Amino acid sequence: MRAPSSMEMLQRLVAFDTTSRNSNLELIQYIRDYLADCGAQSTLVPNAEGTKANLFASIGPDAEGGIVLSGHTDVVPVDGQPWQSDPWTLTDRSDGNLYGRGTCDMKGFIAAALAHVPAFQGAQLKVPMHLAFSYDEEIGCLGAPALAERLVGSVPRPRAVIVGEPTMMGVVNAQNAGGGIVAIFTGVEAHSSMTHLGVSAIHFAGDFIHWLNQLQEELAQRKRSDIDTVPGHTTINVGIVNGGTAGNILARECTLNWGYRTLPGDDPWEVQRRAEAYIAELLLPKMRARHPDANITLRRRSFVPALLPQENEEAAELALQWTGGNRTYAVPYGTEAGIFRGHGIPTVICGPGDIAQAHQPNEFVAKSQMDACDAFIAKLTRWAETR
Ligand SMILES: [Zn+2]
């Protein structure tokens, strides 16, 4: 079989609409078939409903010290975005960039990894190359925990994980932790002329949002200068508010989908703990004083652990050899890196494209970035031959 170029592979991967709300199984089946054609077996780790799957595969000797190339197969929605070309067709607009949903975040890296599989097979690898592709990263890293667990339990201990999120091929060894929480306010319906008879879930949700704003201001005072991310402090965001049925009814329910991000080394549970305490000690008693049926619950939706530089020195050293870079970086966004690191494997983030293009209309990856990623994987392959 003729080995596809990274760009040809990217063209195939972009054509699958793997928006997180959809199944990713067609794409996973495509990758499985491609790997089988290359002579590589793969393992699927499906979700409970069987509608999505992670995939991992190992190429080379059954030995310790391999390198994991990791990526997520899902992409964010294109709904309502002003795209100038079909987001599901890789488009070369002759400006040095390749356009399409997921080109930068992060099918570009997955395409480069897959395009090199025939080269891995042809090389005299002394240590294996592992591929690890997940689902549902974009909605809170939901697939990766089971993938990391199965991979670590199935293959001899790898030496490092490279998570190929877009870093312009810079080596990132620190990232924030992030938590996603749903707050459900349950009030008691009443006619809006009779406010003494009910409790508005929306008004109490408003109190909570106000409290989150105050907490955010307090935490911003603890800005850190030892880490080069902007802004260098904890951030909080209420992303979705849902509630109410009519302008003249006290709302029975209001749901807030909110989250926070904390710097590596900071306590990643502080915001949740303080929110729980505020609700239990102040807000819920105030609501219940109005009506005993009122309630507030916090449900954790997702948690992405931080990545700390000092735990990943070995991976950073290797990745810098393959990029030719001379320094590492920290990023404020979350990736699956902390999940792999949680299994004790040194992990860094390094992939083609600029995070500034991620999630945008007219998302693109520069061809020069794909070339740099190809060069990175080629160097890594030579390294794996000379262990
Ligand atoms: Zn991503």
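The values are calculated or read from the model by the stated rules, or taken from the named source; none is laboratory data. All of these numbers come straight from a predicted model, not from anything done at the bench. Don't worry about glycine lacking a Cβ; one is built from the backbone with ideal geometry, like all the others, and counts go over all protein chains shown. We work out accessible area using only protein heavy atoms, side chains counted, and drop any ligands, DNA or RNA first. Shrake-Rupley method; radii C 1.70, N 1.55, O 1.52, S 1.80 Å.
Ranked from the most accessible area to the least, with a 1.4 Å probe and all protein chains present, what is the order of His359, His233? Working shown, then result.
Details: His359 85, His233 30 Å².
In descending accessible area the options line up as His359, His233.
Any chance you could get the radius of gyration and Dmax over the Cα atoms of segment 54-179, in Å?
16.2, 49
With a Förster radius of 30 Å, plug the Cβ-Cβ distance of Met194 and Asn257 into 1/(1 + (r/R0)^6) and report the FRET value to the nearest 0.05. The partial results should precede the final answer.
Working: r = 30 Å, r/R0 = 1.01.
Computed FRET efficiency for Met194 and Asn257 comes out at 0.50.
Two-decimal Rg/Rh of segment 1-65 from alpha-carbon positions, Kirkwood Rh? Mind showing how you got there, number by number?
Details: Rg = 13.4 Å, Rh = 13.3 Å.
Radius of gyration over Kirkwood radius for segment 1-65 works out to 1.01.
If the only charges are +1 at each Lys and Arg Cβ and -1 at each Asp and Glu Cβ, what is the size of the charge dipole of segment 219-290 around the Cα centre, to the nearest 20 debye?
On the way: 10 positive and 8 negative charges, 72 e Å.
The calculation lands at about 340 debye.
In whole Hz, what ³J(HN,Hα) sequence does segment 75-80 give by Karplus (6.51, -1.76, 1.60; θ = phi - 60°), x for Gly and Pro?
Per residue, the Karplus-derived 3J(HN,Hα) values read 10, 7, x, 9, 3, x Hz.
Could you give me the percent of Cα pairs per 10 Å distance bin for the chain, shortest bin first, beginning at zero and ending with the bin that holds the maximum distance?
5, 22, 29, 22, 13, 7, 2, 0
Only bridges with both residues in segment 1-138 count here: give the DSSP antiparallel percent, nearest 5.
Details: 12 of 19 bridges.
Expressed as a percentage, antiparallel bridges in segment 1-138 total about 65.
With both bridge residues required to lie in the chain, what share of the DSSP beta bridges run antiparallel, to the nearest 5%?
70
At R0 = 45 Å, how high is the FRET efficiency between Glu26 and Lys379 if r is their beta carbon distance? Nearest 0.05 is fine.
On the way: r = 32 Å, r/R0 = 0.72.
Once rounded, the FRET efficiency stands at 0.90.
So what is the calculated 222 nm ellipticity per residue for the chain, using -39500 (n - 2.57) for each DSSP H run with n of 4 or more, over all residues, to the nearest 500 deg cm²/dmol?
-9000 deg cm²/dmol
In Å and from the alpha-carbon atoms only, list the Rg and Dmax of segment 329-387.
14.3, 43
Would you kindly find the accessible area of Arg299, with a 1.4 Å probe and non-protein molecules such as ligands, DNA and RNA excluded, rounding to the nearest 10 Å²?
It works out to around 130 Å².
If we restrict to alpha carbons, what Rg and Dmax does segment 91-136 come to, in Å?
When restricted to Cα atoms, segment 91-136 yields Rg and Dmax of 14.0, 41 Å.
For Thr19, list long-range residues whose amide hydrogen, built 1.01 Å from N in the peptide plane, is under 5 Å from its own amide hydrogen.
Val75
Using square roots of five times the C-alpha gyration tensor eigenvalues, list the equivalent-ellipsoid semi-axes of segment 234-336 in whole Å, biggest first.
Square roots of five times the eigenvalues give 43, 16, 9 Å.
Kirkwood hydrodynamic radius (Cα pairs, Å) of segment 38-103? Walk me through the numbers on the way to the answer.
Numbers: mean 1/r = 0.0639 Å⁻¹.
For segment 38-103, inverting the mean 1/r across all distinct Cα pairs yields 15.6 Å.
Expressed as a whole percentage, what fraction of the accessible surface of the chain belongs to carbon and sulfur atoms when a 1.4 Å probe is rolled over the protein heavy atoms? Intermediate results must be reported in sequence, preceding the final value.
Working: 8150 of 16360 Å².
C and S atoms contribute 50 percent here.
About the Cα centre, and with charges only on the beta carbon of Lys, Arg (+1) and Asp, Glu (-1), how big is the dipole of the chain? Nearest 20 debye, please. Could the numbers behind the result be given before it?
Working: 31 positive and 42 negative charges, 77 e Å.
It comes to approximately 360 debye.
Between Asn242 and Arg150, what length comes free when the chain is fully extended (0.36 nm per residue of separation minus the Cα-Cα distance, one decimal in nm)? Walk me through the numbers on the way to the answer.
Details: separation 92, 0.36 × 92 = 33.12 nm, distance 3.69 nm.
Extra length available between Asn242 and Arg150 comes to 29.4 nm.
Determine the per residue accessible area of the chain with all protein chains present and a 1.4 angstrom probe, expressed in square angstrom.
On a per-residue basis, the chain sits at 42 Å².
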